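Scroll down for the structure; my scribbles are underneath it.
Coordinate-derived values only; no laboratory data. This structure is a prediction, so every number in the text was calculated from the model and none was measured.
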Amino acid sequence: MRKLLTSLTLLIFITVLSSCGVTKFVGYYASAGDEDQGELNGQVFQTDDTSYTIGALPSSWVIQDIDGGDLAFRNTQFDGTMTVDSTCNEKKKNYSLKALSESLLIGIHGKEALGREEITVDGQPALKTIYIGSLDNVPIKIATVVLRKNICIYDFTYASSPEHFDIGIVDFNNFLSQFKAL
């Protein structure tokens, strides 16, 4: 659950602080550390616990060098962010997808689920939820997708300002459609 929270924290801070410089925050975030560092080779991300193939993104999405969560991408054209994180733990596999989705939004004020639907990711049921809320009085719109496959939980987030949300959601959906746990 801790990795899930740190992943969303990264997403939120990159989105909110992008005008102040993502580099500063990434340095702060890296100090939080992560006991299971992974590595991206091409489209394959691998840790000691899992490996998966990620979808291709347009060149406007730039990978952010982080420690903590698995992967983060930023689109400076509209200040959108995406994250992917994995947690493989036998004890956590019994949490509901809704509870896991809600846990990604700790720190968001006035959060409201605008829509929730079951989708399929990598042949498995996943829960996609769209939220609106604010962080430090800055409006934010977030899409979360939580997938459980075997003992691993994969969470995906996309966030931007509400007015730019529809620009990046297409890329996020395409990214999700190509995800495969290996």
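General remarks:
- Cα-based shape type of the stretch 48-182, given that a ≥ b ≥ c are square roots of the gyration tensor eigenvalues and the cut on a/c is 1.5: oblate
- Under a 5 Å amide H cut-off, with hydrogens placed 1.01 Å from N, LYS111 pairs with SER134 among residues at least 5 apart or on other chains.
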